[in-house]
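Okay, structure first, notes after.
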Amino acid sequence: MSEKILVAGGGGFIGGHLVQRLLDEGHQVRSVDLKPTSGWYQVHADAENLVLDLAEKGACETACADIDRIYNLAADMGGMGFIENNKALCMLSVLINTHMLQAAQQAGVKRFFYASSACVYNGEKQTDPNVTALAEADAYPAMPEDGYGWEKLFSERMCRHYREDYGLETRVARYHNVYGPEGTWTGGREKAPAAICRKVVEAKLSGDHTIEVWGDGLQTRSFMYVDDCVEGTIRLTDSDIIEPINIGSSELVTINQLTDLAAEIAGIEITRNHDLTAPQGVRGRNSDNTLILEKMGWEPSIPLRDGLTKTYNWIYEQVTAAQG
Ligand code: NAD
């Protein structure tokens with residue numbers, strides 16, 4: 001059934017892909033972002049596109065008017081280099097989700113999705129690169145990523161209490177590293193897959209095949225292609241799963257393996273230069289998909305090689321266009 005849907009943060013990476021999918025499904029979509037539309041990764045002509053600061057309660061009321069369902073993806077965030085150096089700024093996103101929940105409840109919105117993060121998980125469970133995958137219960141006792149992770153964990157609980165106390169049907173996903181085209185690839189907020197693709201493209205174009213890698217490269221992560229993220233987000237919001245749930249890939253790689261895969265896609269040999277002083281985040285992190293498989297019978301499954309090839313090709317176009 002067609003609904004009127006608000007995507008908060010629709011000018012961002014995941015939001016832009018989600019808006020497209022919802023339009024394809026025949027919904028009416030209102031896409032809202034803080035940035036002027038010239039800075040949106042995707043502007044969909046068939047959506048209602050609004051520029052509003054959703055940290056302001058009045059702006060949230062405007063955004064929520066006549067809306068059936070909300071996907072709240074708006075947040076001030078970036079890769080590890082950004083979140084380690086901007087903790088207060090990341091925590092200010094609490095204003096967005098708080099005002100969005102208040103406005104949604106007042107407007108009689110039926111369903112509310114919140115994009116949380118694997119950064120809510122207790123840091124002490126992520127000190128080993130041969131990590132045991134993180135299951136949902138591992139968020140407590142709480143010791144999340146400082147700044148960004150604390151805000152996410154608080155906002156998760158706010159969603160829970162809006163459901164329990166006011167009957168707003170909230171759904172919460174803990175995304176694990178999302179990557180793909182039409183996202184941040186330069187400027188300091190980009191995440192590892194985009195940063196590594198960009199460095200490999202620059203190496204290929206310049207002929208200097210030495211690449212700087214943050215840390216010793218032995219830190220492990222899993223990376224989810226954006227199409228899987230959008231699919232999981234919609235499935236979760238449609239579901240009756242009321243607890244926060246992992247939406248992430250369980251294909252674990254080291255950062256060195258990720259770099260080598262990007263080089264293989266580019267068709268070049270590279271030399272890695274490790275910057276041991278750069279921000280690295282936790283030592284190892286993977287998504288335990290037991291719960292999502294049990295509850296949904298589905299998990300993100302697009303192979304890293306396939307997703308990274310699409311991402312690399314898109315970043316190649318961006319770099320060559322920027323170089324003129
Ligand atoms: P993004 O930065 O591309 O998108 C977020 C958007 O929110 C941006 O376009 C930004 O302008 C907008 N925004 C920020 N402050 C706003 C405000 N006050 N009012 C309106 N809009 C505002 O990030 P993304 O990668 O698309 O992430 C979307 C969501 O998913 C975020 O909540 C993020 O924390 C979460 N998440 C992402 C990842 C990932 O790997 N990309 C992982 C875990 C969680």
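The values are calculated or read from the model by the stated rules, or taken from the named source; none is laboratory data. These numbers were taken from a predicted model, which means no experiment stands behind them. All Cβ positions, glycine included, derive from the backbone under ideal geometry; neighbour counts span all protein chains shown. These accessible areas exclude ligands, DNA and RNA; they are computed on the full protein's heavy atoms, side chains included. Shrake-Rupley method; radii C 1.70, N 1.55, O 1.52, S 1.80 Å.
Kindly state which helices (runs of 4 or more DSSP H) lie completely within segment 209-311 and contain at least 3 residues that are farther than 26 Å from THR170 by Cβ and among the small types (Gly, Ala, Ser).
Of the helices (runs of 4 or more DSSP H) lying wholly inside segment 209-311, those with at least 3 residues that are farther than 26 Å from THR170 by Cβ and among the small types (Gly, Ala, Ser) span 255-266.
Suppose we keep only residues that are open to solvent by less than 20 Å² (accessible area, probe 1.4 Å) and among the charged types (D, E, K, R) within segment 162-203. Which one would you say is farthest from ASP68 (Cα to Cα)?
Only one residue fits best here, namely ARG174.
Taking GLY207 as the residue in question, decide whether it is away from the ligand (no atom under 11 Å from the Cβ) and open to solvent by 50 Å² or more (accessible area, probe 1.4 Å).
Yes, satisfied.
State yes or no: is TYR41 open to solvent by 50 Å² or more (accessible area, probe 1.4 Å), within 9 Å of the ligand (Cβ to nearest atom) and in contact (Cβ under 8 Å) with a residue 60 or more places away in the chain?
Yes.
Which one of CYS90, CYS119 is free of Cβ contacts under 8 Å to residues at least 40 places away in the same chain, buried (at least 24 other Cβ atoms within 10 Å of the Cβ) and within 14 Å of the ligand (Cβ to nearest atom)?
After ruling out the rest, the residue left standing is CYS119.
How many residues are among the hydroxyl-bearing types (Ser, Thr, Tyr), within 27 Å of MET100 (Cβ to Cβ) and more than 16 Å from the ligand (Cβ to nearest atom) if we restrict to segment 122-160? Break it down into steps so the answer makes sense when it comes.
Going through segment 122-160, the residues among the hydroxyl-bearing types (Ser, Thr, Tyr) turn out to be 127, 132, 140, 148, 155.
Within this subset, residues satisfying the condition of being within 27 Å of MET100 (Cβ to Cβ) are 140, 148, 155.
Checking the rest, the ones that are also more than 16 Å from the ligand (Cβ to nearest atom) come to 140.
The total comes to 1.
Residue under question is GLY147, and the condition is that it be within 23 Å of LEU293 (Cβ to Cβ), of a type in the set (Gly, Ala, Ser) and open to solvent by less than 20 Å² (accessible area, probe 1.4 Å); does it hold? Before you say what the answer is, go through the steps one by one.
Details: within 23 Å of LEU293 (Cβ to Cβ): no; of a type in the set (Gly, Ala, Ser): yes; open to solvent by less than 20 Å² (accessible area, probe 1.4 Å): yes.
Judged against the criteria, GLY147 is not a match.
Based on this model, can you work out whether ASP76 counts as of a type in the set (Asp, Glu) and outside any helix (DSSP H, G or I)?
It is true that ASP76 is of a type in the set (Asp, Glu) and outside any helix (DSSP H, G or I).
So which residues in segment 122-137 are free of Cβ contacts under 8 Å to residues at least 24 places away in the same chain, part of a helix (DSSP H, G or I) and either open to solvent by less than 30 Å² (accessible area, probe 1.4 Å) or closer than 20 Å to ILE241 by Cβ (or both)?
Residue satisfying the conditions is ALA137 alone.
List, please: which pairs have Cβ atoms under 7 Å, are six or more places apart or on different chains, and start with a residue in segment 96-107 that is over 18 Å from ASP68 (Cβ atoms) and assigned by TED's automatic domain parsing to the domain that holds LEU54 and end with one that is in a helix (DSSP H, G or I) and open to solvent by less than 10 Å² (accessible area, probe 1.4 Å)?
ASN97/SER155; HIS99/CYS60
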